[in-house]
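Asker: For reference, the structure I am asking about is given below.
What follows is calculated from the coordinates using simple rules that are stated; it is not laboratory data. It should be emphasised that the depicted structure is a prediction, and the values quoted were computed from it without experimental measurement. Neighbour counts are summed over all protein chains in view; Cβ atoms, including those assigned to glycine, are modelled from backbone coordinates with ideal geometry.
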Amino acid sequence: MDLGPGQRTAVFAAVVAALGALGYLLIAPAAARPHAAAGPAAKPSAAAAPAAQPAAQPPAQPPATAAAGAVNIYAWLPFTQRELADAAAVTVRFVTDYDTYSYTETAADYVGTMSGLITGQLAATLQDGYQAPGVASLRTSQKQVSTGTAAIDSLRAFGPSSMTFVVTARQRLVSSRGTTTGTTQYAVTVTGSGGGWRVNDIELASAGNT
């Protein structure tokens, strides 16, 4: 059954919650059973008497069972740990390049830095946006040079061949008007393509990503 993004998110949250509960049960120490208290030692009799038999000792408690090995959550998910790491790396590189540009670059130059990270459809969209008359003229007139960095905040949704990350982008913009810095949170979706991951959508995180 093909789950919708909302359902996949709910499933992921349930998996994480279940994993946390399971991990607690696996590592919580078992309560120790109390041992019977030993009675006081008998005083020796004045008359000779047979040696007293040693008091029976309570049965030894079995050693605590070793905690089970760590649960492999990736066995429950439609991607491996390596695939998640690769998708996250592509996302961070893309958002960094997305906010890094110079007024001296052409639209083709700008999009070219993301070659191998984005789909052809997104490349066309970004190129059109970069060379839009109003945006391009402002960038040139103010001699804007931007440097971006990025960090992933969370995994919002996932499926067998796609993941949507929430990413915080930090931008430092130098222009003829001075230097400014700012942050923007994006929702970035990557899809499996040709054995790798490619970004096919970016939008403001507040707008959602469905």
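Asker: Could you line up TRP76, TRP197 from fewest to most neighbouring Cβ atoms inside 10 Å?
Answerer: With the fewest neighbours first, TRP76, TRP197 line up as TRP76, TRP197.
Asker: Please compute the length gained on full extension between GLU83 and ALA70, using 0.36 nm multiplied by the number of residues separating them and subtracting their Cα-Cα distance. Show your work: numbers first, answer last.
Answerer: Details: separation 13, 0.36 × 13 = 4.68 nm, distance 1.98 nm.
Taking GLU83 through ALA70 to full extension adds about 2.7 nm, to one decimal.
Asker: Which order do SER162, SER115 fall in if you start with the one that has the fewest other Cβ atoms within 10 Å? Can you show the working numbers first?
Answerer: Numbers: SER162 19, SER115 9.
In increasing order of surrounding Cβ atoms, one gets SER115, SER162.
Asker: Mind pulling up the Rg/Rh value for the stretch 78-207? Radius of gyration and Kirkwood radius, both on Cα. List each step's numbers first, then the result.
Answerer: On the way: Rg = 15.1 Å, Rh = 15.2 Å.
Over the Cα atoms of the stretch 78-207, Rg/Rh equals 0.99.
Asker: Among ASP86, ASP153, ASP201, rank each residue by its count of other Cβ atoms within 10 Å, from fewest to most, as a rough exposure measure.
Answerer: Values: ASP86 16, ASP153 12, ASP201 19.
Neighbour counts put them in this order, fewest first: ASP153, ASP86, ASP201.
Asker: What is the dipole size for the stretch 78-207, taken about its Cα centre, with +1 at each Lys and Arg Cβ and -1 at each Asp and Glu Cβ, in debye to the nearest 20? All intermediate terms of the calculation are to be shown ahead of the outcome.
Answerer: Numbers: 9 positive and 10 negative charges, 65 e Å.
For this selection, approximately 320 debye.
Asker: Then there's this: List the residues, sorted by chain then number, that are 5 or more residues from THR100 or on another chain and whose placed amide H is less than 5 Å from its amide H.
Answerer: So THR100 has HN proximity to GLY148.
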